[in-house]
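J.: Shown below is the structure under consideration.
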Amino acid sequence: MSTSAERRAAARSRRFGEPSPRVPHVLMAAGVLYFLVPLLWVVIAATKSQPDLLSTPALWFGREFNLVDNVVQLFREDGGVYGRWLLNTALYSGVSAVGATALAAAAGYGLARFSFWGKRFFETALLGMIMVPATALVLPTYLILSRLEIVNTVWAIILPSLLSPFGTYLVRVYVAESVPVELIDAARVDRAGELRIFWRIVVPMIRPAIVTVFLFTLVATWNNYFLPLVMLSDTDLYPLTVGLTTWFNTAQQEAGTRVLFTLVVTGALFAIVPLITAFVLLQRFWRGGVGAGALK
């Protein structure tokens, strides 16, 4: 009985042009494949020697498994500068992510739950800043930081990364939807200070938004290329993006006479590992509705 009813429903859906339930699965599989193929290529390419990398098919292993030798050579090349680039990237990304998350959380909460003169202007300006591409602000930022004489320092990368208009707007929307005004008023009636309310009540309730802003800023700063390219001239201050690009350009100019193509690919593989680790460790905090029963 149920089988015939399902057949009639399927025939009726086809008659009226409704999409097949398999369509979402096919689209999801295509999306997963689109994102996994480049990662798979990096993993396979990092196991090849340079001759195998240039001669064997892209998604096929070479004649020798050369991953260990590539890793050893990676951290020895140019006096071990890759390790310095890795530490620089971790410093830039970690400090920027923590600072941007703290500022976005405080600013977003203030915009959502406080009334002050010019609030509507700030909210409109915030939306406008989201629409401006970050690359368009690099040259004006360079001129400002050059006046402050902090170009070619770590602060030239960290300070611009502390501002996250998207993160601020995300926290503002999340606070407006997830933090009841009655809960904050009750805390004020109990004579709790604003800082204590923010730290003890608001922050735990908006934890998913905070983790989202942290990860977005971490990934954006970790993958940032144009800003450090403009701001930095000292090789020892380079992040991974600029450093690996320098190696790649050198390998192209020398027509593969130096073993750098394999080092670039192996370095790219190692650059991905910290981001994957951060997502795996922080994904448990992505839980919505943590304040659903706060008033009950």
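The values are calculated or read from the model by the stated rules, or taken from the named source; none is laboratory data. Quick caveat, the model's predicted, so the values are computed rather than measured. Counting neighbours? That spans all protein chains shown, and the Cβs are built from the backbone with ideal geometry, glycine included. Protein only, heavy atoms only, side chains kept; ligands, DNA and RNA dropped before computing areas. Shrake-Rupley method; radii C 1.70, N 1.55, O 1.52, S 1.80 Å.
J.: Check whether at least one residue in the stretch 72-79 is closer than 30 Å to residue 261 by Cα, of a type in the set (Phe, Trp, Tyr) and surrounded by 12 or more Cβ atoms within 10 Å (Cβ to Cβ), and report yes or no.
T.: For the stretch 72-79, residues closer than 30 Å to residue 261 by Cα, of a type in the set (Phe, Trp, Tyr) and surrounded by 12 or more Cβ atoms within 10 Å (Cβ to Cβ): present.
J.: The conditions are (1) over 23 Å from residue 250 (Cα atoms); (2) among the hydroxyl-bearing types (Ser, Thr, Tyr); (3) surrounded by 11 or more Cβ atoms within 10 Å (Cβ to Cβ), and residue 49 fails exactly one of them. Which is it?
T.: (1)
J.: Under 9 Å by Cβ, and 6 or more places apart or on different chains, what pairs join a residue from the stretch 34-60 that is in a helix (DSSP H, G or I) with one that is open to solvent by 60 Å² or more (accessible area, probe 1.4 Å) and among the small types (Gly, Ala, Ser)?
T.: Going by the 9 Å Cβ cut-off, there are no qualifying pairs.
J.: Within the stretch 166-185, count every residue that is surrounded by fewer than 15 Cβ atoms within 10 Å (Cβ to Cβ) and either part of a helix (DSSP H, G or I) or touching a strand residue (DSSP E or B) at 6+ places or on another chain (Cβ under 7 Å) (or both).
T.: Looking only at that region, the number is 6.
J.: Could you say which residue among 281, 295 is farther than 29 Å from residue 231 by Cα, at pLDDT 80 or above and loosely packed, with under 14 Cβ neighbours inside 10 Å?
T.: 281
J.: Provide a single number: the residues in the stretch 211-246 that are more than 20 Å from residue 152 (Cα to Cα) and crowded, with 22+ Cβ neighbours inside 10 Å.
T.: 4
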